[in-house]
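Colleague: Pasting in a structure now, in structure tokens, and then I'll have a few things to ask.
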Amino acid sequence: MEHDAGSRHAAGLFTSAAPHRAGDGHALLAPVLVLNASYEPINVCAARRALVLVLKGVAMTEEENGHFLHSARVAMRLPSVIRLLEYRRIPHQSRALSRKNILLRDRNTCQYCGTVLASSELTLDHVIPRSRGGASTWENLVACCHPCNRRKGNQSPTEAGMKLMREPRAFNLHTSRHIMRLMGRSDDKWRKYLFY
Ligand SMILES: [Zn+2]
């Protein structure tokens, strides 16, 4: 969750007007699909962040999620999909190579045994070990559980008799869209922007 000046401002706007109700917090965390001005899906953020963007006039609501944010005077409809009013150039490969993003790409799944684990219980495995010249790149790093990591040791997957669930790839727009689709499966309103 981002806490910039904008979201603090917006939070203050509502909490000062009405005490937080139990349901509001959860609704504010609901994922919202962010579209570029061109209607291209580019990101997912929490409803609270989306609301701030709308209130700032940076984005407009394209779809609502059916929930309201209540204050003493007004009930604001929470968005499900927002669209930026100004076109933003998205670099071809906009995601930085980081542990967090590798785990996100691999959906916290050990790429050798398929176990889904908390981030803290996963490590990064160099498919071709570093000691053998393997680079720290999107294509050579995968999420891995500790038992698999120990078993593989200083070997290539073939040598260790282990098989990758899938070829590791850079986290590009295609991968991002795949993840947005997974997140949007439960929200029909996202479909027309993501499934084409
Ligand atoms: Zn494993």
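Colleague: Among the residues of the range 156-168, what is the count of those that are touching a residue at least 40 places away in the same chain (Cβ under 8 Å) and exposed (fewer than 12 other Cβ atoms within 10 Å of the Cβ)?
Modeller: 2
Colleague: Give the number of residues within the range 123-155 that are within 12 Å of the ligand (Cβ to nearest atom), out of contact with any His (no Cβ under 9 Å at 6 or more places or on another chain), open to solvent by less than 70 Å² (accessible area, probe 1.4 Å) and under 15 Å from residue 99 (Cβ atoms).
Modeller: 5
Colleague: Provide a single number: the residues in the range 55-73 that are free of Cβ contacts under 8 Å to residues at least 24 places away in the same chain and either more than 19 Å from residue 26 (Cα to Cα) or surrounded by 19 or more Cβ atoms within 10 Å (Cβ to Cβ) (or both).
Modeller: Final tally of qualifying residues: 1.
Colleague: Residue 82 is checked against (1) part of a loop (DSSP other than H, G, I, E, B); (2) of a type in the set (A, V, I, L, M, F, W, C); (3) at pLDDT 90 or above; (4) more than 15 Å from residue 149 (Cα to Cα) and fails just one. What number does that condition carry?
Modeller: For residue 82, the failing item is (1).
Colleague: Something else now. Take the conditions open to solvent by 50 Å² or more (accessible area, probe 1.4 Å), charged (D, E, K, R), at pLDDT 90 or above and assigned to a loop (DSSP other than H, G, I, E, B) and apply them to residue 2. Does it pass?
Modeller: On the way: open to solvent by 50 Å² or more (accessible area, probe 1.4 Å): yes; charged (D, E, K, R): yes; at pLDDT 90 or above: no; assigned to a loop (DSSP other than H, G, I, E, B): yes.
When the stated conditions are applied, residue 2 does not pass them.
Colleague: Residue under question is residue 107, and the condition is that it be within 16 Å of the ligand (Cβ to nearest atom), surrounded by fewer than 17 Cβ atoms within 10 Å (Cβ to Cβ) and of a type in the set (Lys, Arg); does it hold? So that I can check it myself, show each step before the final result.
Modeller: Details: within 16 Å of the ligand (Cβ to nearest atom): yes; surrounded by fewer than 17 Cβ atoms within 10 Å (Cβ to Cβ): yes; of a type in the set (Lys, Arg): yes.
Judged against the criteria, residue 107 is a match.
Rundown of residues vs (1) touching a Gly at 6+ places or on another chain (Cβ under 6 Å); (2) at pLDDT below 90; (3) farther than 30 Å from residue 62 by Cβ, yes/no style:
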| position | (1), (2), (3) |
| --- | --- |
| 102 | no, yes, yes |
| 126 | yes, no, yes |
| 142 | no, no, yes |
| 164 | no, no, yes |
| 176 | no, yes, no |
| 184 | no, yes, no |
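Colleague: OK, next. Return yes when residue 118 is over 27 Å from residue 183 (Cα atoms) and surrounded by fewer than 15 Cβ atoms within 10 Å (Cβ to Cβ) and no when it is not.
Modeller: no
The values are calculated or read from the model by the stated rules, or taken from the named source; none is laboratory data. Here the structure is a predicted model, which means the values were calculated and not measured. Heads up, the Cβs are rebuilt from the backbone with ideal geometry, glycines too, and the neighbour counts pull from every protein chain shown. The area values use the complete protein model at the heavy-atom level, side chains included, leaving out ligands, DNA and RNA. Shrake-Rupley method; radii C 1.70, N 1.55, O 1.52, S 1.80 Å.
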